[in-house]
Structures are given as C-alpha cells and as structure tokens.
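Below you'll find the structure, written out as structure tokens, and then a few comments.
Each reported figure results from applying straightforward, stated rules to the coordinates on display, with no laboratory input. Fair warning: this is a prediction, and the values are worked out from it, not measured in the lab. Reconstructed Cβ throughout: ideal geometry from the backbone, glycine too, with neighbour counts over all protein chains shown.
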Amino acid sequence: MKRSLFAILAVLILGAMALSACGGKQQVANSEGTKTTVEVPAAYKGKTNPMANDSAAAEKGKGIYTTNCASCHGDSGKGDGPAGASLDPHPGNLDVAQANGDDYLFWRISEGGMTAPFNSSMPAWKAILSEDEIWQVVAYIDTFK
C-alpha cells in the first residue's frame with residue numbers, strides 16, 4: 001500500500017515539474033526572422049481576457065484595431081498592411097501571436113516591440129489605450145481564428 005502511494009506521488013510530482021517547465025514561454029520570430037523563446041513577464045503572465053467571447057467588446061476592438069493596427073498588421077492580421085510593407089522587420093502575423101495566448105497578446109499590445117528580442121517598430125499602446133480597450137482589441141483578434 002505504501003509502495004503504490006509512493007509511486008503515485010512520484011508520478012504526480014514529476015508530472016507537475018514537467019508542466020511547470022513548459023509554462024509561460026512563447027516561441028516568436030525575432031527581427032532576423034529566426035525563432036526565439038520569450039517568457040511573458042510576471043506582470044502579464046496568466047492574465048485572461050475579461051471580455052473573451054463578448055461580441056460587443058470584439059466590435060469595439062474592431063474599431064480600435066482598424067484605427068491603430070490595420071495599417072501595419074492588415075485587415076485580417078496577416079502582417080500585410082500597407083504601412084507594414086516598408087517596415088523591417090515586417091509586422092507579425094497575428095495568428096502566430098494569438099496562438100501564444102491572451103496574456104501574450106495583452107503584453108505585446110501594452111508594451112509594443114521596440115526592445116529585444118522583437119526589435120520592431122510596434123509602439124507601446126498602454127499610454128494611449130486603456131486596459132479595457134486593449135482587451136477589446138484582444139477580443140477582436142480572437143475572432144480571426
């Protein structure tokens with residue numbers, strides 16, 4: 001009995017260690033186009049969109065996205081906007097960013113990408129948009145799926 005309890009406990013501990021080793025790190029392309037692993041900072045890690053699956057919030061996010069993001073990221077988030085064509089690196093495909101989770105999107109929109117490892121032209125939006133507006137944009141980006 002003690003032996004099987006020990007085996008179950010050992011499996012649970014090893015499983016928890018394996019899962020914790022995977023959490024929070026995201027694969028992204030850096031300015032040279034090569035993939036690098038970044039970790040969502042603690043201030044953003046684990047945030048969830050309070051406006052997820054809210055069509056009214058997504059509609060507001062669409063207006064914000066159209067005004068502020070579409071010129072670089074394109075109407076459908078493929079990174080093919082007219083202003084983005086002249087940027088180096090080109091704006092990211094939001095399908096890839098979306099796959100990294102809402103906390104990643106909220107972080108990247110808030111902080112922009114002008115620092116390593118991104119080294120992009122994307123500005124930080126946290127001084128321009130409210131948290132609610134950023135979440136609305138995330139809700140709209142989630143409709144690209």
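Each residue of region 49-64 in order: what ³J(HN,Hα) in whole Hz does its phi give by Karplus 6.51 cos²θ - 1.76 cosθ + 1.60, θ = phi - 60°, with x for Gly and Pro?
6, x, 10, 4, 6, 9, 5, 5, 5, 4, 5, 5, x, 4, x, 5
Taking neighbour Cβ counts within 10 Å as the exposure measure, how do 44, 140 sort from fewest upward?
Ordered from fewest to most neighbouring Cβ atoms within 10 Å, 44, 140 come out as 44, 140.
In whole Hz, what ³J(HN,Hα) sequence does region 109-125 give by Karplus (6.51, -1.76, 1.60; θ = phi - 60°), x for Gly and Pro?
5, 5, 9, x, x, 7, 10, 5, x, 7, 6, 10, 8, 5, x, 6, 9
With 10 angstrom as the radius, rank 138, 38, 96 by how many other C-beta atoms surround their C-beta, starting from the fewest.
96, 38, 138
So for 145, 47, fewest C-beta neighbours within 10 Å to most, what's the order?
With the sparsest Cβ surroundings first, the list reads 145, 47.
What net charge is computed for the residues neighbouring residue 54, neighbours being all others with C-beta under 14 Å from the C-beta of residue 54, Lys and Arg scored +1, Asp and Glu -1?
-3
Calculate the FRET efficiency for residue 45 and residue 132 from the Cβ-Cβ distance with a Förster distance of 25 Å, rounded to the nearest 0.05. Walk me through the numbers before you get to the answer.
Values: r = 20 Å, r/R0 = 0.80.
Using R0 = 25 Å, I get an efficiency of 0.80.
Got a sec to turn the phi values of region 70-83 into Karplus ³J(HN,Hα) couplings, 6.51 cos²θ - 1.76 cosθ + 1.60 with θ = phi - 60°, whole Hz, x for Gly and Pro?
Whole-Hz 3J(HN,Hα) from phi for region 70-83: 4, 4, 9, 7, x, 4, 10, x, 8, x, 10, x, x, 6.
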